[in-house]
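Read through the structure below, which is laid out as structure tokens, and then see the notes.
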């Protein structure tokens, strides 16, 4: 009830504003074309930059507060995440038509969230990154709180905002205090040089403030408690965007702050922070993969899978080896496709049965075979089976841990085994066995929605057999 009052207030506040035609069109062809053009531009720019055919290190820059610059870069992981973002939003616009409550507002918040994400991934300024890092919570609050599928959606939206803001508060203090004092530059290229001139206490404070701000976004244990609830209450498109791109902000923040500059990482290595992050990441992997066995809600199961994969990302980044960085970047991108595809699949059968209990589904391979094929490939990618790009990324991370110390790979290997076992049981329970009476009348996935789901699978398989296509863009 509270969420309805909140949305009514929001709707009343905007009642006098006429949104652009692209948001009012039920099929939103204009928004679809804009997203496609953004995707095409970023994809072409990525290959041109990496092929040294075109170089644009910075564009659209201006100063503010006489200390820093707002500029955007075309480089590395950020550009690939932009490609992933535009690709997912493009598929999202293809998947949905006009059968969504308050359709014009839906497209408004979707467009705002896309703009914020692209700004985060392209900016070369830490202050601008942080502003949009927090701003992204606003559209996602309404996406979960207004279009959520169950009664506790407002509570889930509140947890999403509260946990992120609470753990980001130390970083906010550091950012705005530096905005006033000008102790160091916000430009990512010279951020490490400016911080190295500060006292060790200030640098340690900066590290932990960044760590908690990014760890809650990934999220790592014990800051993960908001994610299963958010996925459980969010609509299908909300879960797709949460798993596909929002969680990637934390991993990208770790990469930009701690691992992009060698001298900066060398300083933190001297503080011997590897055991601290390793323990948290290892516990995250074990906890999430064990918790999967106790879940009944399919969306919560996928949410815990996501938490475990993000634990591998931080392990790869702290290993200080190139293989670890490559593996972490690949897992970030691959998980964005596989997890988003799984949430599309869950949403498809939920629309017909209005239940997400794993006990309600059995024998889907008999009744909806095309859906079963898509679901099998996505679960295989989620389990990092050979032939998928997820497998390549995970192997790179394990290799980097072996290089760091042979014993460091033991706990992650246990996590790999538990992930594979739970994924196998997951498939057996849903796809095979005697058909549940509730599943007999299910309609198989076809047409445009089938094309969207299989568009998630194709890149996972192609890159799994030809990983050099993505590795060459990251090194």
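The values are calculated or read from the model by the stated rules, or taken from the named source; none is laboratory data. For clarity, every value in this text was computed on a predicted model and none was experimentally measured. FYI the Cβ positions are ideal-geometry reconstructions off the backbone, even for glycines, and counts take in every protein chain you see.
Could you tell me which of the residues 427, 414, 410 is in the same structural domain as residue 304 (by TED's automatic domain parsing), within 15 Å of residue 286 (Cβ to Cβ) and either more than 27 Å from the chain's Cα centre (by Cα) or free of Cβ contacts under 8 Å to residues at least 60 places away in the same chain (or both)? After applying the criteria, what remains is 410. Scanning the stretch 185-206 for residues that are assigned to a loop (DSSP other than H, G, I, E, B) and over 26 Å from residue 223 (Cβ atoms) yields 185, 189, 190, 197, 198, 199. As a summary of the residue check, residue 115 satisfies the conditions (1) surrounded by fewer than 20 Cβ atoms within 10 Å (Cβ to Cβ); (2) over 16 Å from the mean Cα position of the chain (by Cα); (3) more than 19 Å from residue 231 (Cβ to Cβ) except for the one numbered (2).
At least 2 residues being at pLDDT 80 or above is the threshold, and among the helices (runs of 4 or more DSSP H) wholly inside the stretch 216-282 those reaching it are 226-233, 236-241, 248-254.
For residue 379, the criteria (1) at pLDDT below 90; (2) in a helix (DSSP H, G or I); (3) closer than 24 Å to residue 360 by Cα hold in every case but one, which is (1). Residue 335 fulfils the conditions (1) part of a loop (DSSP other than H, G, I, E, B); (2) touching a helix residue (DSSP H, G or I) at 6+ places or on another chain (Cβ under 7 Å) except for a single criterion, (1).
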